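Right, one structure below, let's go through it.
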């Protein structure tokens, strides 16, 4: 068990697409972002919480965005890009990385809610800056390298009913 000091200043960065697709593919369920926020903060001092979300043309995700804001999570919104041939893309990796580097001087711990292996270099960089980096994700869909390099990997699959909402 890792000691999480009450005085630690924490930033939470949530890769919404990553957690959403993992929960949907593994459990056919939605993520309980309120429970993720509580798990990440762990009675420490929350400085900022960001959720990186994607807006579609239909706007059907608006109530979800509002729910995040009610929890005290700031939304970073990007429009879904649709390419010729039907390919859709909404990649937040660079945005998440920039925010993590930007907020790092103001916090002791950065909690990355994503299992995306693309964040490997970011985690290594933050640790080299003396930051504690915790990763929260679904173990089966998370990058094994990311799990290894993080100071702590918190597997949502150890208690899925706590972190999922049934449809």
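Applying the selection to the stretch 33-52, what residues are buried (at least 19 other Cβ atoms within 10 Å of the Cβ) and either in contact with a helix residue (DSSP H, G or I) (Cβ under 7 Å, 6 or more places away or on another chain) or part of a loop (DSSP other than H, G, I, E, B) (or both)? Within the stretch 33-52, 33, 36, 49, 50, 51, 52 meet the criteria. Looking only at residues in the stretch 127-141 that are free of Cβ contacts under 8 Å to residues at least 60 places away in the same chain and surrounded by 17 or more Cβ atoms within 10 Å (Cβ to Cβ), the one that is farthest from residue 117 (Cα to Cα) is 131.
In this structure, does residue 96 turn out to be assigned to a helix (DSSP H, G or I), out of contact with any helix residue (DSSP H, G or I) (no Cβ under 7 Å at 6 or more places or on another chain) and more than 19 Å from residue 5 (Cβ to Cβ)? Break it down stepwise before answering.
On the way: assigned to a helix (DSSP H, G or I): yes; out of contact with any helix residue (DSSP H, G or I) (no Cβ under 7 Å at 6 or more places or on another chain): yes; more than 19 Å from residue 5 (Cβ to Cβ): yes.
Here the answer is yes, as residue 96 does meet what is asked.
Answer with yes or no whether residue 103 is over 24 Å from residue 141 (Cα atoms), part of a helix (DSSP H, G or I) and in contact (Cβ under 8 Å) with a residue 40 or more places away in the chain. Yes, satisfied. In this structure, is residue 66 surrounded by fewer than 18 Cβ atoms within 10 Å (Cβ to Cβ) and under 12 Å from the mean Cα position of the chain (by Cα)? No; evaluated as a whole, the condition is false for this residue.
No value in this document is a laboratory result; all are computed from the given coordinates. All values derive from a computational prediction rather than experimental measurement. Note that each Cβ is placed from the backbone with ideal geometry, even for glycine, and that neighbours are counted across all protein chains shown.
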